[in-house]
Amino acid sequence: MFLRIPFKSNVIMANNYASLNEAPDFYGEYGIPHHHVAEPRSSQWNHIEDLDSFFTRVYKYHQMHGFKCIALKEIFALHRFTFIAGITFTMLYAFDYKLLFKPDITSDQKWIFSLLIPFDQVMSILPYFGWFLLLVVTVIFTLIFIRKVQSLFRYWDIKQFYNQALNIDDADLDNLTWHDVQKRLIQVQSDLQMCIHKSDLTELDIYHRILRQINYLVALVNKRILPPRIDVPFLGEVVYWTENLRLNVMFLLFWSPWGPFENPWHLRDEYKRAANRDKMARKLGNQILWLFFVNLLLCPLVFIPQIIFYFFNYFDAVRREPGQFGVRYWSNFGQLYFRHFNEMDHELYSRLTRAYKPATKYMSSFTSPLLEIIAEHLSFICGSILAVFVCLSFVDNEILYWNQVLTMLAVLTGIIGIARSLRSDKTLIWCPEQLLEDVVLHTHYLPGVWQGFAHTSKVRSSFQQLFQYRFAALLEELLSPILVPYLLIRYIYPRRLDLVDFFRNFTVSVVGVGDVCSFAQMDVRKHGNPDWQAERDVESTHETPPEINDQYTQAEDGKVELSLMHFTNTNPNWQPPPEAADFVDNLNKETNHVFFSDDIGGLYGMRSSMDFGTRQEDEEDFSLPQYAADAPSQTAFRRSFGGFRSSILAGGAPRRSMFNQLAEGPDLFSSAQNMRASTMILHNRHAMNQSVRVVRSAEETTPLLSRR
């Protein structure tokens, strides 16, 4: 709804860290050291003030394949804005429509550029509204240009950091995974002292800084404070979470200079005091009201350009392949719901990509006989009319140039594409429970109320909020300039007190990192749910007294437990706290037992097309790692394992994925296999504990059940 503008005082050249190009020369002309003591090069990167932004740019630099790709993308983004603004202005004020629709136009006038009005003539007849639009476009272009230039200068410094500090050339970026880069980042901390508050960095420290705001957002979704839920007639409850609304929420909570955060790594002290609860709620409420009025005023200025952008962006797709709008993909809400705490973008997209085919099969297993009959009839009628036009065009192709013929062909093709998407796949077998279980193997999350009801329309409708049609997502984005002001005042404003309580109760200060979401610490004692833990996990052998937690402090759907397992699988060198280590080791023992008791891998050994497994004939060479039962606390025991491992994985060289940006960790196949097994064990444990609680509750209220 607004243009995000950095509020930092640093300008293009005034970065919060120095470039390595500024490093002093230690040696003279012949390589002989000078006698005076020079400042070492490492001091140029000593004490980076905003490590959040720095590590984020380091991560994006790797994922975006280096400086050349980043620069080209930024330039093309600016050019795209200029092109859309220019062609829109031309169509409004510099196009001679009278000449275009003139009935007696001569052949020498049939030239497209003859329809353009000269520039000086356009400026002389330009109305006041046209001047206003030109001014707005110029201001926006200037702001975007400044932001792009700032971004390029910052990424140029990141390039120097990669090349000189990490010894990684841009040509080698695609040969290294993010975890390879992260290892070097941890190693150079001892020399560069980027963070002066800690001598050593851990994987969790880096994740905390890059994902600080994302972790808060994931926790807000997990505790059902966000996103808004709207009751729509005939559709029921609809979860609404668009990119426009996300930007508004992020600005309100994290980016605003008047928001809860004083800077990216520190929550304001007044938000941490319970005595200021009502005062901070009123302050946050006033900011929501201001944001509501700004969105309301900017609604026309955002709505119309957004329609123009989507028109140019999707016109070719509608013309060539309209059926793709009937394809499903993970919604913005689904990506937040399925996201673990401390999970990078490429790790999330890797899981969701593997879950795409099982999710499509699950949704395709549900058919509406009524809609299928209507779709089949519409497909026949539209196809017949289209066939008539095609046959006539063979006789005389001039028919294609008649009035409205091309429009009719486009509409008929679109209807046929939509009708085809509504027809069921006759090759699928009705087994929704198994299909949904296949989805959970990759997404890792399943609401407890869904278990045993995967065949019902209620679960299908709920899953549809996570896995929606593309045209539905496009429609939500188009309507977001209108709906966002309403949701700010109708949904976000009444929850201002909940937001204040959330930041006060679930923010902890970590040395060398700053204020982070306490859920992101993955503390199974503090935020875990006993239903997702075994009795030996709840009754820890350590002397630390157990935390007294209730439903409010517990993460929903096993988010903490599953996030902890995922993080240890993707970062096997990380040393978790004692309680977390006990939980991970105990669960890995169960997982190890499952694999050893199942010769063919069973459900946990199932692989998708994105797992990059070895050939079928090589599977006999797969070997299982052995673990010492008397050493559960060893780091090697917490390393990712599972299923069958190929001889390639057993070698010294790390496994490489052909899609570097999608690789989840140092061992994609092994860690994914182990995570699937851990997911099913945790979900089965949760279902078992829930059923035991129901039986015990029934025994307490019904004495006859306890007499045996």
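Within the range 137-146, can one find any residue that is under 20 Å from A71 (Cα atoms), over 28 Å from the mean Cα position of the chain (by Cα) and surrounded by fewer than 14 Cβ atoms within 10 Å (Cβ to Cβ)?
Looking through the range 137-146, at least one residue is under 20 Å from A71 (Cα atoms), over 28 Å from the mean Cα position of the chain (by Cα) and surrounded by fewer than 14 Cβ atoms within 10 Å (Cβ to Cβ).
Taking Y493, is it assigned by TED's automatic domain parsing to the domain that holds I288 and touching a helix residue (DSSP H, G or I) at 6+ places or on another chain (Cβ under 8 Å)?
Considered against the rule, which asks whether it is assigned by TED's automatic domain parsing to the domain that holds I288 and touching a helix residue (DSSP H, G or I) at 6+ places or on another chain (Cβ under 8 Å), Y493 comes out as yes.
What's the number of the only condition in (1) more than 22 Å from the chain's Cα centre (by Cα); (2) free of Cβ contacts under 8 Å to residues at least 24 places away in the same chain; (3) closer than 18 Å to R229 by Cα that V508 fails to meet?
(3)
Just one of Y310, Y314, Y349 is in contact (Cβ under 8 Å) with a residue 60 or more places away in the chain, under 30 Å from T177 (Cα atoms), surrounded by fewer than 20 Cβ atoms within 10 Å (Cβ to Cβ) and among the aromatic types (F, W, Y); which is it?
Just a single option satisfies the conditions, and that option is Y349.
Taking interchain pairs and intrachain pairs at least six residues apart, which have beta carbon atoms under 7 angstrom, with the first residue in the range 445-474 and assigned to a helix (DSSP H, G or I) and the second among the polar types (S, T, N, Q)?
Final answer for the pair search is G448/Q690; Q465/S331; L466/S331; R470/Q324; A473/S331.
Output yes when any residue across the range 271-279 is crowded, with 18+ Cβ neighbours inside 10 Å and either of a type outside the set (D, E) or in a strand (DSSP E or B) (or both), and no when none is.
yes
Under the condition of being part of a helix (DSSP H, G or I), of a type in the set (S, T, N, Q) and surrounded by 21 or more Cβ atoms within 10 Å (Cβ to Cβ), which residue from the range 177-221 is nearest to the chain's Cα centre (by Cα)?
Applying the filter and picking the extreme gives N215.
Enumerate the pairs (first residue in the range 165-179 and under 19 Å from F55 (Cβ atoms); second residue anywhere and assigned to a loop (DSSP other than H, G, I, E, B)) with beta-carbon separation below 6 Å, excluding pairs fewer than 6 apart on the same chain, so at least 6 apart or on different chains.
D170/G66; L173/H65; L173/G66; T177/A663; H179/G665; H179/P666
If D278 satisfies every condition in (1) of a type in the set (D, E); (2) over 23 Å from the mean Cα position of the chain (by Cα); (3) within 30 Å of E49 (Cα to Cα) but one, which is the exception?
(3)
For the range 360-401: of the residues being touching a helix residue (DSSP H, G or I) at 6+ places or on another chain (Cβ under 7 Å) and among the aromatic types (F, W, Y), which is modelled with the highest pLDDT?
Y362
Which residues, counting only those in the range 479-532, are among the β-branched types (V, I, T), surrounded by 20 or more Cβ atoms within 10 Å (Cβ to Cβ) and in a loop (DSSP other than H, G, I, E, B)?
V513, V524 - these are the residues of the range 479-532 that are among the β-branched types (V, I, T), surrounded by 20 or more Cβ atoms within 10 Å (Cβ to Cβ) and in a loop (DSSP other than H, G, I, E, B).
Regarding the range 403-422, can at least one residue be identified that is more than 24 Å from the chain's Cα centre (by Cα), assigned to a loop (DSSP other than H, G, I, E, B) and not assigned by TED's automatic domain parsing to the domain that holds N276?
There is at least one residue in the range 403-422 that is more than 24 Å from the chain's Cα centre (by Cα), assigned to a loop (DSSP other than H, G, I, E, B) and not assigned by TED's automatic domain parsing to the domain that holds N276.
For residues that are in a helix (DSSP H, G or I) and modelled with pLDDT of 60 or more, scanning just the range 101-120, find the one that is nearest to M91 (Cα to Cα).
Once the filter is applied, the top-ranked residue is L115.
Just to check your reading of the model, which residue among F567, F596, F583 is modelled with pLDDT under 95, crowded, with 24+ Cβ neighbours inside 10 Å and either more than 30 Å from R224 (Cα to Cα) or not charged (D, E, K, R) (or both)?
F583
The values are calculated or read from the model by the stated rules, or taken from the named source; none is laboratory data. What you are looking at is a predicted structure, and each value in this text was computed from that prediction instead of being measured. For neighbour counting, all protein chains shown are included, and Cβ atoms are generated from backbone atoms with ideal geometry for every residue, glycine included.
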